[in-house]
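Laboratory data are not the source of any read-out in this text; all were calculated from the coordinates shown. All values derive from a computational prediction rather than experimental measurement. Here Cβ is always computed from backbone atoms with ideal geometry, including for glycine, and neighbour counts include all displayed protein chains.
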Amino acid sequence: MVINIETDYKDRLDCLWNKQTPEIVNRGYALEKELWTGSLLELGLNPSSGEGNGSFFYTAQADKYFTKPIELAAEHCQKLSHHDLFFIRETSQDTVLSLKENNPDFFEEQLKITKEIITRVQPKMIVIINAKACRLFQKMYNFEPVKYWNESLGVDILPQLGNIPVLFSGMLSGQRALDVGSFVRLKWHVRHICRELNIHFDNA
């Protein structure tokens, strides 16, 4: 089943953004337009500012920025399901985290929406493709990696979302992207977990 993020959340996001300072309002927001339930869900930190101004909903499948995330998902799914923990458009992650410190309620509301969306999506596996997003995700779910580590699979299992596997990784593109060998191993790891746990995604 497809969840239409634009239809379900646009009014709520517009209301949230319009209450903020011009510094935030002018950046706008960006989210994936549609997400699949029962998916392999890839999570990032926040959308790059990209081109132009204002807020919009995008289709990752048609965006060249998502070449690597699409490649990671393509062995298992027809389409990529991608979501960012925060929706504010900003290229610099350090700037995002600085804005978060100065606007805690605004960013906390974004995390509440993210948790709601993840619950609705009911992913069968999550791959977090940003180191800073990994740490925030752990805090969101009071997640203790050592406590929930599965040694035979080499992955954390998240009981808070129905015992699904969660892979913590780095960025797949940009200056801090994984090297080729690490990306190949990440793809193998997803395949290995799917085989061992007999996971088949709903949008396969």
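Overview of results
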item: Dipole magnitude of the chain, debye to nearest 20 (Cβ charges: Lys/Arg +1, Asp/Glu -1, about Cα centre); result: 320
item: Selection from Val96, Leu16, Ala204 lying farthest towards where the dipole of the chain points positive, charges on Cβ; result: Ala204
item: Loop chymotrypsin sites (Phe, Trp or Tyr not before Pro), segment 127-204, which have at most 11 other Cβ atoms in a 10 Å radius of their Cβ (DSSP); result: none
item: R0 of 22 Å, Cβ-Cβ distance Val25-Phe56: FRET efficiency to nearest 0.05; result: 0.95
item: Residue exposure sequence - Leu40, Leu13, Leu31 - by fewest surrounding Cβ within 10 Å; result: Leu13, Leu31, Leu40
item: Helix axis angle, 104-121 relative to the chain longest principal axis, alpha carbon, degrees; result: 40
item: Share, in percent, of DSSP beta bridges within the chain that are antiparallel, nearest 5; result: 40
item: Simple spin-label estimate for Thr67 and Glu196 in nanometres, 7 Å along Cα-Cβ; result: 3.2
item: Out-of-range pairs (alpha-carbon distance over 18 Å; input Lys79/Lys112; Lys100/Lys139; Lys33/Lys124; Lys139/Lys187; Lys19/Lys132; Lys115/Lys187); result: Lys79/Lys112; Lys33/Lys124; Lys139/Lys187; Lys19/Lys132; Lys115/Lys187
item: Whole-number percent relative contact order across the chain, with pairs defined as alpha carbons under 8 Å at least 6 apart; result: 24
item: Cα-projected label distance for Asn102 with Ser182, points at 7 Å along beta-carbon direction, nm; result: 3.0
item: In degrees, nearest ten, helix 131-140 long axis to first principal axis of the chain (Cα); result: 90
item: Helix 93-102 vs. the chain, principal-axis angle (Cα, 0 to 90°, nearest 10); result: 60
item: Cut-off 12 Å between beta-carbons: net charge of the residues surrounding His82, Lys and Arg +1, Asp and Glu -1; result: -2
